[in-house]
Amino acid sequence: MKFFGVQKEKLRELTQKEFTALRTLFRLSKNMFNVGLYTVRQHFFETEQYLPYKENYHHCKWNENYKLMGSAAAQQTLKKVDEAFKSFFGLLKTPGQAPRIPKYLDKESFFELSFPQFRMQKDGTFDLPMSPAFKREFGKVTIPFPKNLRPESVCEIRLIPKYDARYIEIEYVYEIEAQKYELNPDHALAIDLGIDNLAACITTLGTSFIIDGKRLKSYNQWYNKENARLQSIKDKQGIKELTYNQVQLVVKRNNRSRDYLNKAARYIVDYCLSNQIGKIVVGHNEGWKHECDMGRLNNQTFVQIPHSQLIKTIKNLCTRYGIEFVKQEEAYTSKASFIDHDLIQNMQTYSGKRIKRGLYQTLQGLFVNADVNAAANILRKSNHKAYQGEVARGILTFPSRIQLV
């Protein structure tokens, strides 16, 4: 089985001429998307049938946007149209779904570029593929290739315009060699996600640890404070759109958060590989971000921490290394007492109770970590064999705290 990774970078050191050329290509890609979308939409309205990519391609290849973009990039944009309609038709066949037909992109917007092939230069750079007509008018765009990647392993390069194409992100999609590990499917690790404790983890091996979330929380607090200051300046100047400083602020916050979450996911998965743990269970409730009620400030902090990104990264790593991944509904796991074998359901009273932030008191008066107690209940709720009673007390009470740098 093939596995793919994505390396994301900010596209730097562009000349003004190169930047103008890319913005023009992004606009042409948007036009090409709308041209392809129009053809497929009209076919659907007339026949109620799906128009495959190959047929749509023959309708669109004579369009002026196609000729200016170059065939490689234009075909990839048309494939994005195909993906959008495949998703639409898939939902049409699902009972109870009423999907909306894909809409046209805004006239003043931009759309991504994708290149499945590129040619490396001897100096470690590559020229972006484009049509001869476009190159004559706008000139070539030369991009340095990352030194940590092998050119032969990269199967696609994507350029993503962000914030009205004032910021350009480049993605290198590369093939990863599969690695085999000896894992025990009976060994499992459960995760309860939070804020100060980003991930409280407990295993069937009798170990527990908490990945600190205060650093990630501080990133968002810094962002909110600085953005409020910039917004105040912008309001006084009567500016409506995002300013350059705001764009840079958002990018910096997102990069910091993504880096921290990637490190957290990698630590958890590496821990499983080192201990031959073959299963990860993550507690998650659909819509939890929209329905949370922890007070205005706590709600803001909880919603701003991208737990879904962490879950997705863990899942991708599990697929890569052959670890079973389970997303477990976690209702009442923080209220029930793991040690007292409470039923994990809505009840009038529970054996234990949370007496203050981070601390849970059992029926016998034992104080345990509240988040690790929830993680243990998540593991129990997933019907995986977990430690009970006396064996579990130590790991519930004294989890090690992991600080990621």
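Annotations
- Enumeration of residues in the range 340-386 that are of a type in the set (S, T, N, Q) and touching a residue at least 12 places away in the same chain (Cβ under 8 Å): Q345, N346, S351, T362, Q364, N369, N373, N377, S382
- Residue match in the range 163-173 (condition: of a type in the set (S, T, Y) and closer than 15 Å to N254 by Cβ): yes
- Yes/no for K263 being closer than 29 Å to T397 by Cα, out of contact with any helix residue (DSSP H, G or I) (no Cβ under 9 Å at 6 or more places or on another chain), part of a helix (DSSP H, G or I) and among the charged types (D, E, K, R): yes
- If you go through the range 214-241 and keep only what is within 23 Å of the chain's Cα centre (by Cα), farther than 24 Å from N316 by Cα and among the hydrophobic types (A, V, I, L, M, F, W, C), you end up with just W222.
- Flag if R256 is surrounded by fewer than 16 Cβ atoms within 10 Å (Cβ to Cβ) and either of a type outside the set (F, W, Y) or over 24 Å from the mean Cα position of the chain (by Cα) (or both): no
- Residue match in the range 194-214 (condition: without any contact (Cβ under 8 Å) to a residue 24 or more places away in the chain, exposed (fewer than 15 other Cβ atoms within 10 Å of the Cβ) and outside any loop (DSSP other than H, G, I, E, B)): yes
- Within the range 314-336, considering residues that are surrounded by fewer than 21 Cβ atoms within 10 Å (Cβ to Cβ) and β-branched (V, I, T), the one nearest to the chain's Cα centre (by Cα): T319
- Members of the range 1-54 that are surrounded by fewer than 11 Cβ atoms within 10 Å (Cβ to Cβ) and under 20 Å from K140 (Cβ atoms): R12, E13, Q16
- A165 being in the same structural domain as N285 (by TED's automatic domain parsing) and buried (at least 17 other Cβ atoms within 10 Å of the Cβ): no
- Scanning the range 177-204 for residues that are of a type in the set (A, V, I, L, M) and modelled with pLDDT of 90 or more returns L183, A188, L189, A190, I191, L193, I195, L198, A199, A200, I202.
- The helices (runs of 4 or more DSSP H) found entirely in the range 307-405 that carry 2 or more residues being over 24 Å from Y271 (Cβ atoms) are 389-397.
- Long-range neighbours under 8 Å by Cβ, at least six apart or interchain, first residue touching a residue at least 60 places away in the same chain (Cβ under 8 Å) within the range 231-246, second of a type in the set (F, W, Y): L242/Y163
- Qualifying residue in the range 121-128 (condition: among the acidic types (D, E) and surrounded by fewer than 11 Cβ atoms within 10 Å (Cβ to Cβ)): yes
- Of the strands (runs of 3 or more DSSP E) that lie entirely inside the range 127-192, those containing 2 or more residues that are charged (D, E, K, R) span 154-162, 167-176.
- Options G70, G96, G90; residue that is assigned by TED's automatic domain parsing to the domain that holds P161 and touching a Ser or Thr at 6+ places or on another chain (Cβ under 8 Å): G70
- Test set (1) assigned by TED's automatic domain parsing to the domain that holds V35; (2) among the small types (G, A, S); (3) under 27 Å from N316 (Cβ atoms); (4) surrounded by 18 or more Cβ atoms within 10 Å (Cβ to Cβ) - S153 fails condition number: (4)
The values are calculated or read from the model by the stated rules, or taken from the named source; none is laboratory data. Not measured: the values here are computed from a predicted model. Note that we place each Cβ from the backbone using ideal geometry, even for glycine, and neighbour counts take in every protein chain shown.
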